[in-house]
Every structure is written in structure tokens, then in C-alpha cells.
1. Would any residue of the range 315-335 have its amide N under 15 Å from a label point 7 Å out along Cα→Cβ of residue 153? List them or say none.
2. Between the range 194-238 and the range 145-188, what's the alpha-carbon centroid distance in Å?
3. Please determine, in degrees from 0 to 90 and to the nearest 10, the orientation of helix 355-382 with respect to the longest principal axis defined by the Cα atoms of the chain, where the helix direction is its Cα long axis.
4. For 205, 63, 394, what ranking results if the residue with the fewest other Cβ atoms within 10 Å of its Cβ goes first?
5. Taking a label point 7 Å from the Cα of residue 20 along the Cα→Cβ vector, which residues of the range 119-151 have an amide N closer than 17 Å to it?
6. For mean projected area of the Cα convex hull in nm², which listed value, (i) 27.3; (ii) 23.2; (iii) 26.0, comes from the coordinates shown?
7. Order these by the 10 Å Cβ neighbour count, fewest first: 147, 36, 109.
8. How do 244, 162 rank when sorted from fewest to most other Cβ atoms within 10 Å of their own Cβ?
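Coordinate-derived values only; no laboratory data. Values in this document were obtained by computation on a predicted structure and should not be read as measured data. Note: ideal-geometry Cβ built from the backbone for every residue, glycine included; neighbour counts use all protein chains shown.
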């Protein structure tokens, strides 16, 4: 009996590596709950990002605006997304993932409601900029928080499943807009975009935990960490010592750590990959309908074929995530980007009336969007907990400039009057650059790993 008491006492004073413990356990129901909550955040993120495109025709008509005058309103949100991503990460690494997520969801909910009451394009542009800042803070932190609660063996698949919520949210926005605008006007869509996340907010407050790995790096009370991990199937007490076996930030500013020795080259490579990927996607999604229409297709067929890109991307994201958990993730993503570039290149060789064109667009979307979503799943694993949110958010923020640049240069490129084969050739180049950049990141990652082993 005395022996048993001693054994219990020793177990209560055990030292637990949080990451190793999560990696060695099956996925629990509580982890599914965390993923579901993050999924809904991403869904509402996708809804809000796409909402302006759905209400634009009605709003332009009501206010008597030209398309050029409405341009700043459309781009304001995109600029805000970049600002939000760049600023939120460092705060999340200081204050916690959950706090920033709650702030972000509250922010874009209330600001979306405010957008519904804007009386002119200047007010709406300013409000959309602020809404974009809040939205930009949400996405990298859902990725970071979820990644820190998932075992490494299936982390990529789970994160890519979460990211399908973005596409679903965009689709939901289209259905809601089609139903609401004829009866209640464009304002009703913005009101829905504000009210629905507010309904989610109490559940986030009560059910979403702070990252246990973040708490450990901030020397939080063991009882606080134990409460969270016990929901995953643990039996820990307040006397358990929780540790993290990974490089420490040594109290430097999180942004500076991105450029520390060992991470500098890999960080730039990630930025280059994400920038080039979004450049291709936004050029394709934004300007392909116009390109196909000028090539002689009807508006309906041009829109349908372009939509196939997104459908292929949703399936591709899950397949790429699954493959990343079973193979070298750098090579999986690089292969997807390279194949995406090859399919885009082939689009120029297909006749616009050929069924092969539709197949090529689906295949290009499968590879490009699959690789881009896979990159979101890959980035959290590249950085230590101390500056993980900063690393993910800055990659997303820099990448947003690729989206902005793609949207801006599309019109200029089309105005050159180049033939379809040459246009698709130019469009494929950034995809091949992205493939080379992620391979360069893999080289940097292996170099860091070797350096850690020799220490």
C-alpha cells in the first residue's frame, strides 16, 4: 500500500513534453471540437472576404457609381487583410492565440454591421479597410492554434480540411446574397455577415482553449495547462511539470526571430512561395472570365469554366494535405505547384471549345489551390512556438501583396493584346518560381535540423 502511494506521488510529479504527448495519442473528441470552432471562423472569414463581389452590382446601381469609382472599395479589404496579418502575429505570440482570435472575430463582426450603414463609397472603403485588418488577424491564428493541438502525423490533413471552410463561406455568401438582395437589399448581406459570427462568439469564449504549448512557453500555472490537456484524455495534476523541447526565442522580438540565423533563408523562401502562389490564383480567378470572354466564349460559359478552378482547388487541398502527412511536405507542395504551372501552360494549347479546357482548369485549380492550402498547413511546423504565430501571419501578410499585385496587373497584361498561348505561358511562370522557392525552404529546414543535432 505504501508502495502504491509512492508510485502515485511520483506520477504526479512527472515531466511531460506537450508536443510528444499529443503526437503519441489518438485524436480526441475535444480536438475535433477545436477544429470545428476554427472551421467556422474560417468559414465566416471566407464569407466576408467574398461579400463585396456579391453586393457590388446592387451597390453600384444604388449609388450610381462607375466600376472605376468602386475599385477602391473592392481593394480596401485586401489591403486591410495584409495589414492585419502582419500586425496580429506578434501580438498573438505575446498575448495568446485565443485573445487575438476573440478580438478579431468581434472586430470583423461589428465592422461588417457598420458597413451596412455606410452612406457613401468613402465611408465604406474605410470600414472595409478596418474589417480587412480584423479578418487578417483571424486566419493565421486559427491555423496556429489548431496546429498546436494536432499530432504531427495528420496535422496537414486536418488543417487543410479546416481551410475548406473558406471556400464554403464564399459559396454561402453567394447563396445568401441571391436570396437576400432581391427582398432586403445589399445591406442585408452585410448584416448577415456581422450577425452570424456574433452568434459564434460565445461558443469561442467558452469552448475554445488557449494553446497549451503557448501556455508552457509563458510559464503558465501547471494547473491551467493540465485542465486543457485532461480534456484530450490526460490525467495530469497541478504538480505535473510541462515542457517544450524546441528552440527558444531568447526573449527577442518575434519579427526579429524570423530573420535570425537558421530561419532567415527559409522565411524568405516561404514568403516567395506564398506570394507567387496567390499571384497566380488571383490572376486566374480575377481575369480568366474576361480572357475567355474576349476569346469568344459566352459570359455564362466563361464564368462556369473559371468556377471549376475553385472546385478543383477544394478537392486538391484535401489530397495535398493527406499526401503531406505521408511524404516530404516540401516535395509534395513543390510537385503540386510545378504540376499547376504545367496545366496552366497547357491551357494555351487547348481550343476554347474543347472539353479539355475545362479539364485543364480543374487540374490547374486542384494543383495550385491544393499547394497554396498545403502551405498554410506547412508553415506552423517550420517555426517554434515562441514565434510561430508571427511566422504564419507574416507569410500570409506578404502573400496578400501577391494577391493585390495579381489583381492590379491583370488588366495591364490583358491590354497588351498577347495571344492566349503566350498569356498562359506568362501566367505559369510564378507557379514554377513557387515550386523552386518551397524546395529552397526544404533545404533551409534540413540545415537548421542538422545544426540542432550537432548542438
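1. Label zone hits: 325-327.
2. 23
3. 30
4. Working: 205 12, 63 16, 394 27.
Final ranking by Cβ density, sparse to dense: 205, 63, 394.
5. Inside the label zone: 151.
6. So the calculated entry is the one marked (ii).
7. Values: 147 26, 36 13, 109 23.
Ascending Cβ contact count within 10 Å gives the list 36, 109, 147.
8. Values: 244 19, 162 29.
Going from sparsest to densest Cβ surroundings: 244, 162.
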